[in-house]
Amino acid sequence: MPDWPSGILFSETTPLSMPALFGRLGMAALLGFLVGMQREHTEGGMPGLRTFPLITLSGSVFAILGTWFGGWLPAAALVCLVALLFFPHWLRIQRAEPDPGLTTSVAVILMYGVGALLVIGPLEIGVVMGGAVAVLLQFKPELHRISERLKDEDVRAIMQFVLITCIILPVLPRNTVDPLGVISPFNVWMMVVLIVGISLSGYIAYKFLGQRATIFLAGILGGAVSSTATTISAARQSQENREHEVSTIIIILLASTVMFARVFVEILVVHPGMLHHCVVPLALMCVATYLPVPFLWRRVRDQQLQVVPSHRNPTQLRAALFFAALYAIVLFLIAWIRQHVGASGLYPLAVLSGLHDMDAITLSISRMALQDQDLSLNGWRYIAAAILANMGVKSLLGGIMAYPRLGLRLCLGFLPGFLVGLGLILFWP
């Protein structure tokens, strides 16, 4: 039999002392107790409060023994555990008793692994995994309610996001494919994943809350999905409910205010260092855009929301491909303009891009700023110019999709944000 190692086991890259080892065994017992308490409280059967701590400690003990005698020992113990779990199920089948399900059995096997992980791997991972098991078991009713409320189109949206993220992204080449060396298919699609992920989060939240949302919540969630799409949808519905014109304007202004949050998130993900130079001027624009909302809110605070913007699935592959193409084109044009025209040529590009989409110009500027210090300092000006163009388009859409008066009132609503943004572009040091 091998001697007890002088350093007492191991963890990541350094040996564990005797107190640290007992501390980890205590954590294994505690996590097992936590899961066992949950099972006994909700299921009222076995395994429960005593069995689960024994299972996690078994995982720890056999993992320790495996470091001395070989990995076959914890594997054999796991096989025995599975056999012990299978036997009660087999008896129930023979007696034609109701099947209790596999949740507890799977939790048993996983907690055995957690117990092993706690003594041979990073402590944090084992603790998180054990806590996650307890939480998943406890929130079974809530998770089932979420699943029941998701419609086929919502599940389809989630699966399409999985397609975009887990299937398409990993196989794309990482090398650049354009003459200027700025377009990498992998990086371009990464930006697609980012934008679709943000929009999908807002879309799912809107599905759960949108139909019973207040005016404020409808605007905020709409902006999380797409402020432009919210503008179009709200304007169309306002045409049929003209008495709710003020509510429509509030929703559009709020969605446009949330657009600034999207911009900040995109900059933070792509180029965190640039955010330091962007946050103050763009935050001032954001506040100015929101400024009319409290005054308008006084007129409709007791009004029931009738204008509920609808949103399409943001994970459609065609839309993802379109955004990827738009982002790549804008990225290439920024590099070409910087090389052949100069920084002043970026303003027309930013305005043209902002007429359709804020995400492409924001991500492109942030990406190019990684190699350009001047663009890192002043890139917010081009993003602000795109936002001004986007405000103008939303006012125009309001007039076209609904009626001219709504477009005019949207112009007035956007006026504080537009004037502040224009002043910042011209006079901010």
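So the check is Cβ under 6 Å with 6+ separation or different chains; which pairs have a first residue in segment 125-154 that's within 24 Å of residue 31 (Cα to Cα) and a second one that's small (Gly, Ala, Ser)? What qualifies is 133/107. Mind listing whichever residues of segment 1-39 are surrounded by 17 or more Cβ atoms within 10 Å (Cβ to Cβ) and modelled with pLDDT under 75? Once the filter is applied, which keeps residues that are surrounded by 17 or more Cβ atoms within 10 Å (Cβ to Cβ) and modelled with pLDDT under 75, segment 1-39 yields 9, 11, 16. All of 337, 387, 329, 365 fail the test of being farther than 16 Å from residue 182 by Cα and either buried (at least 17 other Cβ atoms within 10 Å of the Cβ) or of a type outside the set (Ser, Thr, Tyr) (or both), apart from 387.
When the criteria are applied in full, residue 248 fails the requirement of being touching a helix residue (DSSP H, G or I) at 6+ places or on another chain (Cβ under 8 Å), in contact (Cβ under 8 Å) with a residue 12 or more places away in the chain, surrounded by 20 or more Cβ atoms within 10 Å (Cβ to Cβ) and under 20 Å from residue 422 (Cα atoms). If you go through segment 210-254 and keep only what is more than 22 Å from residue 358 (Cβ to Cβ), small (Gly, Ala, Ser) and outside any helix (DSSP H, G or I), you end up with just 213.
Total residues in segment 392-424 satisfying the condition of being under 18 Å from residue 245 (Cβ atoms) and either of a type in the set (Phe, Trp, Tyr) or surrounded by 17 or more Cβ atoms within 10 Å (Cβ to Cβ) (or both): the figure is 15. When residue 386 is tested against the conditions (1) at pLDDT 95 or above; (2) out of contact with any Gly (no Cβ under 6 Å at 6 or more places or on another chain), the lone failure is (2).
The values are calculated or read from the model by the stated rules, or taken from the named source; none is laboratory data. Please read all numbers here as calculations on a predicted model, not as lab measurements. Neighbour counts run over all protein chains shown; Cβ positions are idealised from the backbone, glycine included.
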